[in-house]
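Everything on this sheet refers to the single structure shown next.
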Amino acid sequence: MGDSAKGTITSLDSLFSPEEAQKAVRRVEDAIADRRKELDRLRGFLSDNSALIHLVRKLPDELSHDIMVPFGSAAFFPGRLIHTNEFLVLLGEGYYADRTAKQTIEILQRRGKALEAQVDSLKVTMLDLELESKFFNSTAAEAAEGLVEIREEYMEDTPKDVFESGISVPNPPDSSKEDNSGKPDEDEVHARIMAKLDELEKEEIEDGSASGSDEDAEDSFQSNVDDGKNEASEIADLSMQFSVKAASFLSDKEQPHSIQKSPLPPEPKENLHQASVLKLEDSSENSARQTSKVGSSSRRAFTGSIVEHSHGLASIQSTKSTTPDQASGSNPSKPVSRFKMQKGIR
Amino acid sequence: MASSPALREVQRDLETQANALSKLQKDIAKNHQVRKQYTIQLGENELVLKELELLNENANVYKLIGPVLVKQDLAEANANVRKRIEYISAELKRLEGTLQDLEDKQNSKRDSVCTYLSPFLALVASRFVI
């Protein structure tokens, strides 16, 4: 897998020069300043409006008010405000309406609401702009730092290749967990049991040859029979696996994947896999029953577990024999390496 | 510095193109300004319409015409405001169309300026290198 051939590395500096990014930041900040001015203006309107509401509410409390009437821009003269419950309200666009104090307050409150809506929308815009300026700022900083952009083609049509080159990092988590927790443990346990069993068998054979008693001979014979049966069942399992593989190319891929802790859990494959396991368990159960008839009670658990696990062994063997290239191909480039390599380049 | 006639010609072309581009940009800015104004007016008129609809039948409505307040029929005022809103909306749509047009023109003009710019720069560079 040629990593360098697939990905392209562009320095951020060449795409956005720091000066340009700074210019963009300045521009956005200007826009933000404009909005802030507008917001201040609207806030001023709002406070004026609430003050006016307060005044209009109080005016009709008295029949008349002593006030200073402005005369031009220079002078005031004392006067009296009468008709305190009559207002000529400017509705906008040169339209006026005669209103009572109560109605006026209603109008003013509606106006206040409209203003608040405007303030809210302005705030949202400002937030947006601030985020934008932050983004430009970070871009400028990154460009100045000399960050690079890495682009890679995403190969969707060849999942096998992708898997082998080790881009299986973003795996679907649930299935990978399943495989991680299930299969390797099973394999480990299986290997341990097999080792233990080998030891026991050796002991038995030695015992048998040393004592030469009929019972022991029979015992060893039985164990031999058991072995033979196990082997037979294994062979049967193998052939079954092969037939399953022959039946579907997908399952052939599924097998190594499941062993190598890789997910790719589409249902049809799973079903096939499960079907094969089911069949295998069927056969293993049969052989287990046969062996339990002949075998001693102390060894029953072992024989049972061997046979149960034989399909796991079979699958390992079969995958190793059938798809050696896949098994070897997955090893050299582990999932992490690719990313790290490119990080190392920079 | 005696500039060659070729250089002078390219420079003149470039200048005319750049001038056209800046004129277009000015137009676009003006369009934005006008549109902003109309949008504000539209908002105001909608507010007025809402208030007028909330008024009673027999409420007194006046219109400020020049220095005088002229009493108006409520229905008439209502109709007037509606008409005004319609007009402003139409105007806004028209301005939108012109803006689109202007931006298209601006983009093409910018491209042409770029095409003029590169030979010009090449010429200048060649003069300074030699």
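The values are calculated or read from the model by the stated rules, or taken from the named source; none is laboratory data. These figures come from a predicted structure and were not determined experimentally. Every residue, glycine among them, receives a Cβ derived from its backbone with ideal geometry; neighbour counts consider all protein chains shown. These area figures cover heavy atoms from the full protein model, side chains too; ligands, DNA and RNA do not enter into them. Shrake-Rupley method; radii C 1.70, N 1.55, O 1.52, S 1.80 Å.
Here is how the numbers come out for the structure above:
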read-out: Criterion: out of contact with any Lys or Arg (no Cβ under 8 Å at 6 or more places or on another chain), surrounded by fewer than 17 Cβ atoms within 10 Å (Cβ to Cβ) and closer than 30 Å to B:L117 by Cα - qualifying residue of B:T39, B:T16; value: B:T16
read-out: Among (1) within 20 Å of A:T100 (Cβ to Cβ); (2) touching a residue at least 12 places away in the same chain (Cβ under 8 Å) - the single one A:E38 does not satisfy; value: (1)
read-out: Which listed residue, of A:L55, A:L63, A:L59, is closer than 23 Å to A:I107 by Cα, open to solvent by 80 Å² or more (accessible area, probe 1.4 Å), of a type outside the set (D, E) and not in a loop (DSSP other than H, G, I, E, B); value: A:L55
read-out: Some residue of the stretch B:25-36 being within 14 Å of another protein chain (Cβ to nearest Cβ), more than 30 Å from B:V124 (Cα to Cα) and touching a residue at least 60 places away in the same chain (Cβ under 8 Å); value: yes
read-out: Filtered residues of the stretch A:97-125 (kept if farther than 19 Å from A:L55 by Cα and within 8 Å of chain B (Cβ to nearest Cβ)); value: A:A114
read-out: Scope the stretch B:40-93; condition more than 29 Å from the chain's Cα centre (by Cα), part of a helix (DSSP H, G or I) and within 12 Å of chain A (Cβ to nearest Cβ); matching residues; value: B:E51, B:L52, B:E53, B:L54, B:L74, B:E76, B:A77, B:N78
read-out: Residue in the stretch A:37-44 that is of a type outside the set (V, I, T), under 30 Å from A:F135 (Cβ atoms) and open to solvent by less than 60 Å² (accessible area, probe 1.4 Å) present; value: yes
read-out: Residue in the stretch B:78-129 that is nearest to A:Y95 (Cα to Cα), counting only those that are of a type in the set (D, E) and in contact with a helix residue (DSSP H, G or I) (Cβ under 8 Å, 6 or more places away or on another chain); value: B:E91
read-out: Count - residues of the stretch A:7-26 that are surrounded by 13 or more Cβ atoms within 10 Å (Cβ to Cβ), assigned to a helix (DSSP H, G or I) and small (G, A, S); value: 2
read-out: Which numbered condition A:T84 misses (of (1) on the phi > 0 side of the Ramachandran plot; (2) buried (at least 16 other Cβ atoms within 10 Å of the Cβ)); value: (1)
read-out: Which numbered condition A:L91 fails, given (1) of a type outside the set (S, T, Y); (2) in a helix (DSSP H, G or I); (3) buried (at least 16 other Cβ atoms within 10 Å of the Cβ); (4) modelled with pLDDT of 90 or more; value: (2)
